[in-house]
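One structure is given here, and the rest of the page talks about it.
The values are calculated or read from the model by the stated rules, or taken from the named source; none is laboratory data. Keep in mind that what you see is a predicted model, and the values were worked out from it rather than measured. We work out accessible area using only protein heavy atoms, side chains counted, and drop any ligands, DNA or RNA first. Shrake-Rupley method; radii C 1.70, N 1.55, O 1.52, S 1.80 Å.
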Amino acid sequence: MLRVAVVGSGPSGCYTAQSLVERDPEVHVDVLDRLPCPFGLVRYGVAPDHEKIKSLQGNLRTVLEHDRVRFLGGVQVGGPDGLPVERLREMYHAVVYCVGAATDRRLGIPGEDLPGSWSATEFVSWYSAHPDAADEGFLRDVRSAVVIGVGNVAVDVARMLVRGAGELRPTDMPQGALDTLAASGVTDVHMVGRRGPTQARFTTKELRELGGLPDTAVRVDPADLALDPAFADLSALPAAQRRNAEVLRGWASAPRGDAERHIDLRFFLRPVEILAGGNGRVGAVRFERTAPDGHGGVTGTGRYEDIPAQLVLRSVGYRGVALDGLPFDPSAGTVPNEEGRVLRDGAASPGEYVAGWIKRGPTGVIGTNRPCAKETVNSLLADAPALASREIPADPLPALRAAGIEPVTWPGWLSIERAEAELGARLGRNVVKLADWDTLLEAARTD
Ligand SMILES: Cc1cc2nc3c(=O)[nH]c(=O)nc-3n(C[C@H](O)[C@H](O)[C@H](O)COP(=O)(O)OP(=O)(O)OC[C@H]3O[C@@H](n4cnc5c(N)ncnc54)[C@H](O)[C@@H]3O)c2cc1C
């Protein structure tokens with residue numbers, strides 16, 4: 001028998017566990033997560049109004065219910081209060097780290113830390129009920145918001161800012177966030193990219209969805225499109241970019257209606273400073289206009305533009321964080337590895353593996369993690385004969401408990417699910433997520 005710990009129950013952790021138990025009948029897997037709830041960013045990142053993608057939780061759930069897979073929530077690996085990596089290694093034949101990329105890239109501009117300037121992650125975590133998230137009063141006195149970045153997460157947060165109560169109520173969003181968003185006075189959202197429209201990273205489906213939001217007009221400046229050399233001949237573009245360009249061109253030529261809310265998609269603007277308003281909070285964002293440099297990049301023009309805003313959400317990408325005891329490449333934000341085998345001083349470290357965002361960086365969709373996990377499992381199973389010969393405890397659970405850790409097991413998670421269904425019923429809604437540590441742990445322990 002081979003005992004494997006998978007650290008992280010997001011898509012890459014679940015796909016790793018699935019591939020292991022499907023391919024080897026002798027493997028037993030414990031999936032550990034620092035949170036009492038499984039599914040990683042599928043629960044705490046995917047937008048609540050994207051029910052179809054959220055429903056992928058059902059597939060991941062089947063993995064965690066497999067009779068040779070065990071979910072152990074509330075187990076932090078590494079960090080000052082966590083289970084040391086070395087200790088975990090002693091309990092299992094192999095450990096696969098699937099811990100994702102937990103932090104945001106920063107802009108590195110003055111004013112970035114003013115009140116009212118937040119990372120998209122902070123905002124997403126709040127409306128997704130992540131127990132570490134705080135209610136920062138994101139929408140207090142906000143009429144105009146700037147979203148910096150033109151990827152799918154930027155599209156998600158822009159959309160959530162203009163969604164109405166009627167559309168949010170059926171989601172599992174926590175009640176506090178729903179009340180705040182429903183009462184929001186936001187009328188203008190400016191989503192801004194420093195490069196051209198054909199270089200934006202959003203996908204056409206997500207982009208197009210913005211055009212269908214009730215009482216909201218999407219505006220695109222035709223001058224921004226004209227500046228992008230690729231617009232001269234859209235047929236030369238790859239299909240995905242061409243479809244985006246066609247959607248943007250449609251909005252640029254549409255008559256200006258009198259919608260209650262607007263989403264302005266802006267391009268060729270590089271943020272240079274976040275400016276304080278009279279109240280010491282964010283008042284505007286100063287951008288430098290950029291222009292194509294002829295090599296696929298952009299260059300500054302020395303011309304500036306201020307966009308008034310009381311809220312700034314920075315969405316310029318994610319970064320992995322180092323885990324104590326594991327090697328880390330700070331420039332890539334990943335754990336150095338070869339086909340999923342963790343490299344220590346350039347050599348494969350026996351029994352240590354990575355998969356998902358911490359292995360390859362924060363790119364791709366949920367499904368991209370499946371082949372990524374498979375590659376890691378190939379490496380692990382090829383190493384298995386050597387790994388299985390090491391003596392380990394018969395069951396790591398008593399050892400975890402001896403280390404002062406009382407994991408949330410699968411029945412505990414089912415109790416949380418029941419508590420969320422009951423809360424929803426009390427509020428006249430569907431399932432409503434519990435949003436703080438105490439309530440989650442209390443629900444888990446009432447099993
Ligand atoms: C805001 C947002 C929205 C997205 N929306 C979509 C979408 O609509 N469609 C789509 O296809 N993709 C979407 N993605 C991408 C998708 O979520 C990722 O591809 C995927 O979640 C990456 O999987 P992962 O398992 O590597 O990381 P994660 O999903 O982040 O899972 C990592 C897990 O590890 C746990 N963990 C971290 N550190 C530790 C530790 N030290 N000890 C124990 N546990 C730990 C975390 O709690 C977490 O559960 C979105 C991403 C973001 C950020």
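Some notes on this structure:
- Annotation for region 162-205 versus region 265-336: alpha-carbon center distance of 19 Å.
- Cross-link partners of LYS359 among lysines, defined as those whose alpha carbon lies under 22 angstrom from its own and excluding same-chain residues fewer than eight positions apart: LYS374.
- Whole-angstrom Cα spans of region 106-314 along principal axes, big to small: 48, 37, 32
- Put simply, the convex hull of the Cα atoms in region 167-240 casts, on average, a shadow of 6.8 nm².
- Seen through its C-alpha gyration tensor, with square-root eigenvalues sorted a ≥ b ≥ c, region 180-295 comes out oblate because a/c lies at 1.5 or above while a/b is not bigger than b/c.
- Straight-line cross-link partners of LYS433 among the lysines, defined as a Cα under 29 Å from its Cα and at least 8 positions apart when in the same chain: LYS52, LYS54, LYS205.
- All-pairs alpha carbon distance profile, region 307-447, 5 Å steps from 0, percent: 2, 8, 11, 11, 11, 16, 17, 13, 7, 4, 2, 1, 0
- Length gained on full extension, THR446 to ASP345, computed as 0.36 nm times the residue gap minus the Cα-Cα distance: 31.7 nm.
- Compactness of the chain, expressed as Rg and Dmax over alpha-carbon positions, Å: 23.3, 72
- Descending principal axes extents, region 229-272, alpha-carbon based, whole Å: 37, 31, 17
- When shorter helices are ignored and each DSSP H run of at least 4 residues is given -39500 (n - 2.57), the per-residue value for the chain at 222 nm works out to -9500 deg cm²/dmol.
- Computed across region 92-210, the Kirkwood hydrodynamic radius from all distinct Cα-Cα pairs reaches 16.0 Å.
- Contact order relative to length of region 106-314, as percent, for alpha carbon pairs under 8 angstrom and 6 or more apart: 29
- Accessible area per residue, Å², region 1-142 with all protein chains present, probe 1.4 Å: 36
- Pairwise centroid distance, computed over Cα atoms, of region 26-65 with region 378-431, Å: 12
- Backbone HN-Hα couplings from phi across region 68-85 [Karplus 6.51/-1.76/1.60, Hz, Gly and Pro as x]: 10, 10, 10, 8, 10, x, x, 10, 7, 9, x, x, x, 9, x, 6, x, 3
- For THR203, nonlocal amide neighbours, meaning residues 5 or more places apart or on other chains whose placed amide H falls under 5 Å from its own, are ASN152.
- Taking only the Cα atoms of region 242-373, the radius of gyration and Dmax are 21.5, 63 Å.
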